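The values are calculated or read from the model by the stated rules, or taken from the named source; none is laboratory data. Keep in mind that what you see is a predicted model, and the values were worked out from it rather than measured. Here the Cβ positions follow ideal geometry from the backbone for every residue, glycine too, while neighbour counts run over all protein chains shown. Heads up: the accessible areas ignore ligands, DNA and RNA and are worked out on the full protein's heavy atoms, side chains in. Shrake-Rupley method; radii C 1.70, N 1.55, O 1.52, S 1.80 Å.
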Amino acid sequence: MFTVIADRKTQTPGTDFLPLKGTDYVEFYVGNAKQAAHYYMSAFGFQAVAYAGPETGVMDRASYVVRQNKLTFVLTTPLRSGNEIAEHIYMHGDGVKHIALMVDDAADAWQQTVSRGAGSYMEPNELTDKDGKLVMSGIEIYGDTAHLFIERKDYNGVFMPGYREWNNSHFKPADTGLLYVDHCVGNVGWNQMDRWVKFYEEVMGFKNILTFDDQDISTEYSALMSKVMSNGNGYVKFPINEPAEGKKKSQVEEYLEFYDGEGVQHIAMATNDIVRTVRDLMSRGVEFLQVPSSYYDDLLDRVGHIDEDLAPLKELGILVDRDNEGYLLQLFSKPVEDRPTLFFEIIQRKGAKSFGKGNFKALFEAIEREQEARGNL
Ligand code: FE2
């Protein structure tokens, strides 16, 4: 079933050497995939898509694929101790293992990136079954995280070879309007941000489109720095955070301590109606960070005219920020596991291509209140 592909293409100078069509899926290693899948379905409105495990010939793990519009999550758990998945969970808790990217040629993506210095995580593999052929490869990124390159143009099955359709006709929670991955943020260690910026520039051909220094992102107590990396067509954006010195512990430092290393901090999921989406998520039990109601007192002075009524934004705690091209609405969940690590952002863009710099201070003060309650500030 697995074949290493030998032939390589050459790249024409001046073209994008790593054309990406978007995020194919995000795979989480979790302690109990059956229950995690249920959480993403019941709380976030994902639908059951596919399953892999002993019943499909995969003996060491169980994986559940759930989907909402263009968002696909894979929840994977080990079936025994003493393997790489179990070790990952022991060290990091539940977290993101793979950010899988959609490509036309997974062998070429691997060759282009590895020849530019990426560590190989998975040589190009050809997976086949009765529904066709899927090619995947992968490279290492920060911490124990990896990018997979997925080529599925010759595959017509439910997800990929090894999976079967998973369809629970008695449980189909309504979707919550979540559409696609807007961006996916990594937390890296002290003085490591520029190393990873260079990695995305040189190895993957990304560009640094925005930079926030510790003056932009600081409160009285704690700080961080961030650079946003984007691929050529803008479909894939990876902001990279590192901690910065403050009077007290940076939220990135708290993450690094509890995740026991570098990893994915948050995944931003886009919606076209943030009021509807957030109201729905809250009613299903998703918890969000709350800013003080004073945030809304001079909001319209700060951001100018917005199409939305202020009242529901204030009621739900939704944040607004403007840049040269428009505005955006956003809200951040609390961590979705007991360790203060991975969380989600819900974002609605109305022209703005930025990341809510104007909200950082209010937001970080909200995070600090949570950190303090955990005794980690
Ligand atoms: Fe974000």
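Looking across the stretch 202-221 at every residue that is closer than 23 Å to Tyr255 by Cα, surrounded by fewer than 21 Cβ atoms within 10 Å (Cβ to Cβ) and within 16 Å of the ligand (Cβ to nearest atom), the one that is farthest from the chain's Cα centre (by Cα) is identified as Asp216. For residues that are part of a strand (DSSP E or B) and either within 16 Å of the ligand (Cβ to nearest atom) or in contact (Cβ under 8 Å) with a residue 60 or more places away in the chain (or both), tally how many sit in the stretch 149-169. So the count comes out to 3. Among the residues that make up the stretch 107-121, is at least one of them under 17 Å from Phe17 (Cα atoms) and β-branched (Val, Ile, Thr)? There is at least one residue in the stretch 107-121 that is under 17 Å from Phe17 (Cα atoms) and β-branched (Val, Ile, Thr). Would you check which residues across the stretch 4-32 are open to solvent by 70 Å² or more (accessible area, probe 1.4 Å), at pLDDT below 95 and assigned to a loop (DSSP other than H, G, I, E, B) and list them? Across the stretch 4-32, the qualifying residues are Ala6, Asp7, Arg8, Lys9, Thr10, Thr12, Pro13, Gly14, Thr15. Looking at the stretch 170-201, which of the residues that are within 16 Å of the ligand (Cβ to nearest atom) and of a type in the set (A, V, I, L, M) is surrounded by the fewest Cβ atoms within 10 Å (Cβ to Cβ)? Per the stated criteria, the residue is Leu179. Restricting Gly234, Gly261, Gly246 to those that are part of a loop (DSSP other than H, G, I, E, B) and within 16 Å of the ligand (Cβ to nearest atom) reduces the list to Gly234.
Residue pairs whose Cβ atoms lie under 7 Å apart, sitting 6 or more positions apart in sequence or on different chains, and linking a residue in the stretch 296-312 that is touching a residue at least 12 places away in the same chain (Cβ under 8 Å) to a partner that is acidic (Asp, Glu) and not in a loop (DSSP other than H, G, I, E, B), are Val303/Asp321. Answer yes or no as to whether Glu254 is in a strand (DSSP E or B) and either within 16 Å of the ligand (Cβ to nearest atom) or crowded, with 20+ Cβ neighbours inside 10 Å (or both). Against the criterion (in a strand (DSSP E or B) and either within 16 Å of the ligand (Cβ to nearest atom) or crowded, with 20+ Cβ neighbours inside 10 Å (or both)), Glu254 does not qualify.
Mind checking which pairs have a first residue in the stretch 121-146 that is within 22 Å of Glu165 (Cβ to Cβ) and open to solvent by 10 Å² or more (accessible area, probe 1.4 Å) and a second that is assigned to a loop (DSSP other than H, G, I, E, B) and of a type in the set (Asp, Glu), Cβ under 6 Å, 6 or more apart or different chains? Once the first residue is within 22 Å of Glu165 (Cβ to Cβ) and open to solvent by 10 Å² or more (accessible area, probe 1.4 Å) and sits in the stretch 121-146, its partners that are assigned to a loop (DSSP other than H, G, I, E, B) and of a type in the set (Asp, Glu) give Gly132/Asp154; Lys133/Asp154. On the stretch given as the stretch 158-196, residues that are at pLDDT below 95, under 22 Å from the mean Cα position of the chain (by Cα) and outside the structural domain of Arg276 (by TED's automatic domain parsing) total 0.
The set of residues from the stretch 209-250 being within 19 Å of Ala366 (Cα to Cα) and basic (Lys, Arg) comprises Lys247, Lys248, Lys249. Selection of the stretch 38-56 for residues being in a helix (DSSP H, G or I) and in contact with a strand residue (DSSP E or B) (Cβ under 7 Å, 6 or more places away or on another chain) yields Tyr40, Met41, Thr56.
The condition of being farther than 17 Å from Phe343 by Cα, part of a helix (DSSP H, G or I) and either at pLDDT below 95 or open to solvent by 40 Å² or more (accessible area, probe 1.4 Å) (or both) holds for Gln35.
For the stretch 220-231, which positions are part of a loop (DSSP other than H, G, I, E, B) and out of contact with any Asp or Glu (no Cβ under 7 Å at 6 or more places or on another chain)? Reasoning before the result, please.
First, the residues of the stretch 220-231 that are part of a loop (DSSP other than H, G, I, E, B): 220-222, 231.
Answer for the stretch 220-231, where residues must be part of a loop (DSSP other than H, G, I, E, B) and out of contact with any Asp or Glu (no Cβ under 7 Å at 6 or more places or on another chain): Glu220, Asn231.
Selection within the stretch 265-279: residues that are more than 16 Å from the ligand (Cβ to nearest atom) and not β-branched (Val, Ile, Thr). The member of this set that is most open to solvent (accessible area, probe 1.4 Å) is Asn272. Would it be correct to say that Lys248 is more than 23 Å from the chain's Cα centre (by Cα) and open to solvent by 10 Å² or more (accessible area, probe 1.4 Å)? Yes: the conditions hold for Lys248.
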